[in-house]
Amino acid sequence: MTGNFTTAITVDASRRAAFDAINDVSRWWGRITGSTTAVDDEFVYVVPGLHYSGFRVTALEPGSRVAWLVTGSHLDFVADKQEWNGSTVRFDIAEVDGRTQVVFTHEGLTADEECYEVCTNAWGMFVNGSLKALIETGRGAPYVFGGDEALTADDHDELHRQVAASAASSAAG
């Protein structure tokens, strides 16, 4: 087992600005359904045909920490489709030499995981590029896909059912 994936950015903005940007997920990562404004809120991130992840907000400490538990996932490009299940995505925010540092850690995403290379490249692009730009300039570069980007509540529920069924099937077989 190796260490969790971690990357860090340093920005010329307040810790609160970084915190607010992190929680505005659709402006730096991509389209979500659900909410990120309170502990125990849940949201879903989907790239059709490639990636689904459901998250529960587990920490919201203004200006210092944001954490999300992966409650369900389906990665179409690896053998273990639920590789992210039970992992935690965390953002630790601190002042360092008069600037704001955001340390991103995906606990459970290690070099032992099949998706490590693809997933760390994607996280690096979104955190080091899009999130940093959103914090510093107010403009991120979230993933945008063609077609109907809006997910209804029924779509959201169906994605959760599919992930739960897939996880149960993997555990049984």
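Coordinate-derived values only; no laboratory data. Predicted model only: the values in this text are computed from it and were never measured. Note that we place each Cβ from the backbone using ideal geometry, even for glycine, and neighbour counts take in every protein chain shown.
Under a point spin-label approximation (7 Å from Cα along Cα-to-Cβ), what is the residue 94-residue 6 distance to one decimal in nm?
0.9
Tell me, in nm to one decimal, what length is gained between residue 64 and residue 35 on full extension, where the rule is 0.36 nm per residue of separation less the Cα-Cα distance? Could the numbers behind the result be given before it?
Values: separation 29, 0.36 × 29 = 10.44 nm, distance 1.93 nm.
Contour length minus the Cα-Cα distance gives 8.5 nm.
Order these peptides, 121-130, 66-75, by their mean beta-carbon neighbour count within 10 angstrom, highest first.
Working: 121-130: 16.4, 66-75: 21.2.
Top to bottom by mean Cβ count within 10 Å: 66-75, 121-130.
If you stretched the chain out fully between residue 137 and residue 111, how much longer would it get, using 0.36 nm times the residue separation minus the C-alpha to C-alpha distance? List each step's numbers first, then the result.
On the way: separation 26, 0.36 × 26 = 9.36 nm, distance 3.26 nm.
Here the answer is 6.1 nm.
How many angstrom separate the Cα center of the range 120-140 from the Cα center of the range 16-60?
14
Pulled fully out, how much extra length does the chain show between residue 122 and residue 80, if you take 0.36 nm times their separation in residues and subtract their Cα-Cα distance?
On the way: separation 42, 0.36 × 42 = 15.12 nm, distance 1.82 nm.
That pair, residue 122 and residue 80, stretches by 13.3 nm at full extension.
Equivalent ellipsoid semi-axes for the range 1-156, as square roots of 5 times the alpha carbon gyration tensor eigenvalues: give them largest first, rounded to whole Å.
Details: eigenvalues 111, 68, 44 Å².
Working through the eigenvalues yields semi-axes of 24, 18, 15 Å.
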